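Trainee: What follows is a single structure, and I will ask about it in a moment.
The values are calculated or read from the model by the stated rules, or taken from the named source; none is laboratory data. Please read these numbers as outputs of a predicted model, since none were measured by experiment. No Cβ is skipped: glycine too gets one built from the backbone with ideal geometry, and neighbour counts run over all protein chains shown.
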Amino acid sequence: MNHTRLKRQLGAGPEPETPFYVSIAGNIGVGKSMITTMVGEVFGWRMFFEPVINNPYLDDYYRDMARWSFHLQVYFLSQRFEVQKTILDRPGSAVQDRTIYEDVEIFAPTLHRRGCMDDRDYENYREIFRNMASFLQPPDLIVYLACRPETALARIRERARSCESDIPLDFLQDLHAAYGDWIERAPALCPVRTIDTEAVNLRDDQEAQLGLLRLIREFHEEKHEAARRRAQKARKSK
């Protein structure tokens, strides 16, 4: 996808110096990777994608969730924690495909409720996250992409990843319900904006894409202005 026209329409201008960190959240198949790419390419930010291509557990997991769910979730937790450290340790802005919080709040609890992760493994998993939590910094903005589970399944089939070919609709429905619960609590972490991707065509509608990009730029500029005011206040107090 060529984003040259989007860059031009968004308008040139100096990027705020203050680093900004945005995460794209949502169910499997909703379109997170596409939006992560668009945001990263238009703004020139570092992009971090979910480890799918070289994931050593994913194929086994989709064949036998009960056997491999704990292994996969620990792998994702480790990988996303490493991404968080990279984002925070290196200067510059970044966009991330799915947050670490979705692993803990959406996927692990859903697998546990479905009987794919037993109580012992689930508590062990949550303890690992609790030990990580103090080292985490939430994103500056979460953009939650929403759609019906039936739509997510159609999009999954359209992109035709072999490992996802047998994802059942009821699993997507359970994830969708978990997202509905979490997204009401997520603003306690950071600002959240929800986009209904069935009403707003982010794949093809350039005006919709520009609207999202302008929203992110607005949040970035607000963060930069707040940082500037704090620095100014600190200088005056010396």
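Trainee: Of everything in the stretch 154-195, what is at pLDDT 95 or above and under 19 Å from Tyr61 (Cα atoms)? Give them in sequence order.
Mentor: Leu169, Asp170, Phe171, Leu172, Gln173, Asp174, Leu175
Table: residues versus (1) out of contact with any His (no Cβ under 6 Å at 6 or more places or on another chain); (2) of a type in the set (Gly, Ala, Ser); (3) surrounded by fewer than 19 Cβ atoms within 10 Å (Cβ to Cβ); (4) not in a loop (DSSP other than H, G, I, E, B).
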residue	(1), (2), (3), (4)
Tyr144	yes, no, no, yes
Ala152	yes, yes, no, yes
Ala208	yes, yes, yes, yes
Gln232	yes, no, yes, yes
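Trainee: Look at Ala160 and say whether it is surrounded by 16 or more Cβ atoms within 10 Å (Cβ to Cβ) and either without any contact (Cβ under 8 Å) to a residue 60 or more places away in the chain or touching a Pro at 6+ places or on another chain (Cβ under 9 Å) (or both).
Mentor: No: the conditions fail for Ala160.
Trainee: Take the residues in the stretch 206-238 that are polar (S, T, N, Q) and out of contact with any Leu (no Cβ under 9 Å at 6 or more places or on another chain); name whichever of them is farthest from Gly31 (Cα to Cα).
Mentor: Within the stretch 206-238, the match that is farthest from Gly31 (Cα to Cα) is Ser237.
Trainee: Take the stretch 221-238 and flag every residue that is in contact (Cβ under 8 Å) with a residue 40 or more places away in the chain and among the aliphatic types (A, V, I, L, M).
Mentor: Across the stretch 221-238, the qualifying residue is only Ala227.
Trainee: Among the residues of the stretch 34-74 satisfying the criterion of being hydroxyl-bearing (Ser, Thr, Tyr) and out of contact with any helix residue (DSSP H, G or I) (no Cβ under 9 Å at 6 or more places or on another chain), which is farthest from Leu145 (Cα to Cα)?
Mentor: Looking at the filtered set, the residue picked out is Thr37.
Trainee: Something else: Consider the stretch 192-220. How many of its residues are within 18 Å of Thr36 (Cβ to Cβ) and touching a residue at least 12 places away in the same chain (Cβ under 8 Å)?
Mentor: Number satisfying all stated conditions: 18.
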